[in-house]
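Undergrad: Okay, here's the structure, questions in a sec.
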Amino acid sequence: MENDFPFEKPNKRKERTENKRYLAKKKRYQEKMAWNSSGAPEFSSAFLEKSENVWRISEIKQGVSGKILTCFSQDWGILDLQIRWNDERAGAVVIGDYVSLRKEEIDGIIKRANLLARYKWDNNRFSLGSRILQPIAANLDYVVIVASAKDPKFQPWFIDRYMVLVDETGIPPIICITKSDLLPIDDPVLDWYENTLKVPVIHASSVSGDGIGALQEILRGKTVAFVGKSGVGKSSLTNALLGDDVITTSHVSEKWGQGRHTTTASKMHVWGKDSYVIDTPGIRSLEFLEFDREELKMYFPEFVKHSGKCQFRDCNHATEPICGIKSAVSEWKIPEFRYRTYLRLLSEVA
Ligand code: GDP
């Protein structure tokens, strides 16, 4: 497990915050990876290396007596499997997983490169409101943060918010501003991400087609998910991306009585060789901040060098009268939009 953690340990001289953030991230990563084996005990020895003969979970449907998993192979084969609710495997696989099959049965999950998961409060009366891990999708190359230029109004702080959420997953982000046909957007938040953090920013319109080519170029050969508020144009973007090349990864199977009695829970669209867009409701509402106040501060690394001037060591940089961060904001050393995002997120965390 130690060696599997995909992020490099900061060297000793790096800021203390970097180290703390590294440890927090590692703890959560291990928690997520533990889910792999606890969710599927008999699979734990079967985490295979990826080979030619594997299938990918491309659609998960909820049926009456269990889950119906559609598997998609590298040579465009499609196969439906049914897993009954009482089978442990029903809860063990997520969309995007690579699995090995034997006699039309899942016999192992290929070790995941990453797992996009979120925590939610378990309101079961026996659990006393503890956090439970809800896995969403596996093996992603990018998360595309989608915001619209207009309708709904462009709100830069939402991008900041999603950046914090995505940063925590360890999956690289891309920013896409949709509906560019309605209004051109030029905002310091976007400059900050593009120039300081080197995050690709793409302006696109599903109506005029502008920027769709650029998006296709960057996403070709990758597995991605679009996240963002409802109505910003994620579905339209998926459709524009798929274009005419859409390849179906599901079929109606009479064998399992699919159709009227099933609902699609998650789906992975294929639009080219190894090019996938994952669409699950869980991803769309990726809105839960998993950390506490102390950890939130670590997601604003530019605050660190000014925090020495705070009166209190555990300063929240909010209502405290003497605060290094607030002075840095008033002296333009920290961009004001970053500080505003911080305050908004602070009000959301425990
Ligand atoms: P989602 O909820 O994020 O999946 O958003 P949708 O893709 O359903 O889009 C919401 C609305 O915005 C729909 O009425 C779309 O027609 C519209 N829309 C989406 N993309 C664009 C675009 O690029 N330009 C314009 N003008 N409208 C768009």
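Undergrad: Filter segment 173-190 for residues that are of a type in the set (A, V, I, L, M) and not in a strand (DSSP E or B); which is surrounded by the most Cβ atoms within 10 Å (Cβ to Cβ)?
TA: Here the residue is VAL189.
Undergrad: Another question about this same structure. State whether one or more residues within segment 233-243 are closer than 27 Å to ASP97 by Cβ, basic (Lys, Arg) and modelled with pLDDT of 90 or more.
TA: no
Undergrad: For ASP191, work out the one condition from (1) within 29 Å of TRP332 (Cβ to Cβ); (2) more than 16 Å from the ligand (Cβ to nearest atom); (3) touching a strand residue (DSSP E or B) at 6+ places or on another chain (Cβ under 6 Å) it doesn't fulfil.
TA: (3)
Undergrad: Sticking with this structure for a sec: Do you know which residues across segment 203-214 are within 12 Å of the ligand (Cβ to nearest atom), out of contact with any His (no Cβ under 6 Å at 6 or more places or on another chain) and without any contact (Cβ under 8 Å) to a residue 40 or more places away in the chain? It would help to see each step written out before you state the result.
TA: Step one: of segment 203-214, the residues within 12 Å of the ligand (Cβ to nearest atom) are 203-212.
Among the residues that remain, those that are also out of contact with any His (no Cβ under 6 Å at 6 or more places or on another chain) are: 203-210, 212.
Within segment 203-214, ALA204, SER205, SER206, VAL207, SER208, GLY209, ASP210, ILE212 qualify.
Undergrad: Restricting the first residue to segment 86-108 and requiring it to be open to solvent by 50 Å² or more (accessible area, probe 1.4 Å), which pairs with a second residue that is modelled with pLDDT of 85 or more and of a type in the set (S, T, N, Q) meet a Cβ separation below 8 Å and a spacing of at least six or different chains?
TA: none
Undergrad: From the set of residues in segment 215-228 that are within 19 Å of TRP271 (Cα to Cα) and within 14 Å of the ligand (Cβ to nearest atom), which is modelled with the highest pLDDT?
TA: For segment 215-228, the residue satisfying everything is LEU215.
Undergrad: Considering only residues that are over 20 Å from the mean Cα position of the chain (by Cα) and of a type in the set (Lys, Arg), which ones fall in segment 156-190?
TA: Within segment 156-190, just LYS179 meets the criteria.
Undergrad: Here is a follow-up. Name the residue that is surrounded by the fewest Cβ atoms within 10 Å (Cβ to Cβ), counting only residues in segment 191-224 that are under 14 Å from MET163 (Cα atoms) and under 20 Å from the mean Cα position of the chain (by Cα).
TA: Ranking the qualifying residues of segment 191-224, first place goes to LYS198.
Undergrad: When you check PHE154 against the structure, is it outside any strand (DSSP E or B), within 16 Å of the ligand (Cβ to nearest atom), hydrophobic (A, V, I, L, M, F, W, C) and more than 26 Å from LEU115 (Cα to Cα), yes or no?
TA: yes
Undergrad: On the given criteria, is ILE145 surrounded by 22 or more Cβ atoms within 10 Å (Cβ to Cβ), within 16 Å of the ligand (Cβ to nearest atom) and in a helix (DSSP H, G or I)?
TA: When the stated conditions are applied, ILE145 does not pass them.
Undergrad: Condition check: within 14 Å of the ligand (Cβ to nearest atom) and in a helix (DSSP H, G or I). Does TYR162 satisfy that?
TA: Spelling it out, TYR162 is indeed within 14 Å of the ligand (Cβ to nearest atom) and in a helix (DSSP H, G or I).
Undergrad: Provide a single number: the residues in segment 191-205 that are touching a Gly at 6+ places or on another chain (Cβ under 7 Å) and assigned to a loop (DSSP other than H, G, I, E, B). Outline the logic, then answer.
TA: Pass one, segment 191-205, residues touching a Gly at 6+ places or on another chain (Cβ under 7 Å): 202-205.
Add one more test, that the residue is assigned to a loop (DSSP other than H, G, I, E, B), and what stays is 204-205.
Counting residues in segment 191-205 that are touching a Gly at 6+ places or on another chain (Cβ under 7 Å) and assigned to a loop (DSSP other than H, G, I, E, B) gives 2.
The values are calculated or read from the model by the stated rules, or taken from the named source; none is laboratory data. Remember, it's a predicted structure, so these values are computed and weren't measured experimentally. Glycine gets a Cβ as well: all are built from the backbone with ideal geometry, and neighbour counts include every protein chain shown. Ligands, DNA and RNA are stripped out before the accessible areas are found, and what is left, the full protein with its side chains, is counted by its heavy atoms. Shrake-Rupley method; radii C 1.70, N 1.55, O 1.52, S 1.80 Å.
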